[in-house]
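Asks: The structure that follows is given in the form of structure tokens.
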Amino acid sequence: MERVIGDFLKLVVENWYFSLPAALFLMFASRYVEHVAFAVLGFVMGINFVFPLLSKVESLSSYLSNENVRTIVMVAVGVLTAVVIYVLYKYLVFLAAFVTVSFLAYYVINFMVNSFNIQDVQYMNWITLGLSVLIGFLAGITAYRKEKDFARMLSVIVGAAVLAALVLHYLSGMFGMEFRPESFFENKSMVLFYVSLFLLFLFVASWYTFRKRPSPKSEL
């Protein structure tokens, strides 16, 4: 996981000309255009997650050695990922909530079963699995119906994470410190600074996105 996060931070910094406007859009514009925000999120994911996986394919690595070709392919992958997520985002919201909550529910129920020593009850494994799937399904339906709020929250989190990495890189250079994403977790003070920036940007963006605004009628 630390390596994945390190690779993510490295790509965010290297492609700051894409990352910076995407982060600001995700943080402050998602309340107006949730669908577009999800597409921008898909673009960020395509550049920082999907493209690195494709670049490791041996048959493609030789073509990507050229910097211009690499940039074109990276942008193309980002756009394709954005289109897929834009089209399927409601179903992806359901799937993400269903899988995540089902796993969490399974571990919680299994922990309770073991705590109360009822694991020997007939069909208890199937009961645990069935309850977990049911809870996950209900969570998926709820997320599906509230996909606007889900899209906003997810976009704010990703935008804050990206902007925090860019600001940390800028401040590190300003104060003569070296920002090395590949060994990011070895520097505890750097990690603490990043988390502080992330929480700050998350708070500001969440306040801006989810604050209640007076309706035009109430202003009259």
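Asks: With respect to Phe49, is the statement that it is over 21 Å from Ala23 (Cβ atoms), part of a helix (DSSP H, G or I) and open to solvent by 30 Å² or more (accessible area, probe 1.4 Å) true?
Replies: Judged against the criteria, Phe49 is not a match.
Asks: Residues of region 92-149 being among the charged types (D, E, K, R) and either touching a residue at least 12 places away in the same chain (Cβ under 8 Å) or under 30 Å from Leu26 (Cβ atoms) (or both), which ones?
Replies: Within region 92-149, Arg145, Lys146, Glu147, Lys148, Asp149 qualify.
Asks: Filter region 77-104 down to residues that are farther than 14 Å from Ile141 by Cβ and open to solvent by less than 50 Å² (accessible area, probe 1.4 Å), then give me how many there are.
Replies: Residues flagged as farther than 14 Å from Ile141 by Cβ and open to solvent by less than 50 Å² (accessible area, probe 1.4 Å) within region 77-104 amount to 6.
Asks: Write out, first by first residue and then by second, each pair whose Cβ atoms fall under 6 Å of each other, whose residues are 6+ apart or on separate chains, and whose first residue, in region 40-52, is under 14 Å from Leu26 (Cβ atoms) and among the polar types (S, T, N, Q) while the second is open to solvent by 10 Å² or more (accessible area, probe 1.4 Å) and part of a helix (DSSP H, G or I).
Replies: From region 40-52, the pairs are Asn48/Phe8; Asn48/Leu11.
Asks: Name the single residue that is least open to solvent (accessible area, probe 1.4 Å) among those in region 156-182 being assigned to a loop (DSSP other than H, G, I, E, B) and without any contact (Cβ under 8 Å) to a residue 60 or more places away in the chain.
Replies: Filtering region 156-182 for residues that are assigned to a loop (DSSP other than H, G, I, E, B) and without any contact (Cβ under 8 Å) to a residue 60 or more places away in the chain, the one least open to solvent (accessible area, probe 1.4 Å) comes out as Gly176.
The values are calculated or read from the model by the stated rules, or taken from the named source; none is laboratory data. Values in this document were obtained by computation on a predicted structure and should not be read as measured data. All Cβ positions, glycine included, derive from the backbone under ideal geometry; neighbour counts span all protein chains shown. Keep in mind that these areas ignore ligands, DNA and RNA; they rest on the heavy atoms of the full protein, side chains included. Shrake-Rupley method; radii C 1.70, N 1.55, O 1.52, S 1.80 Å.
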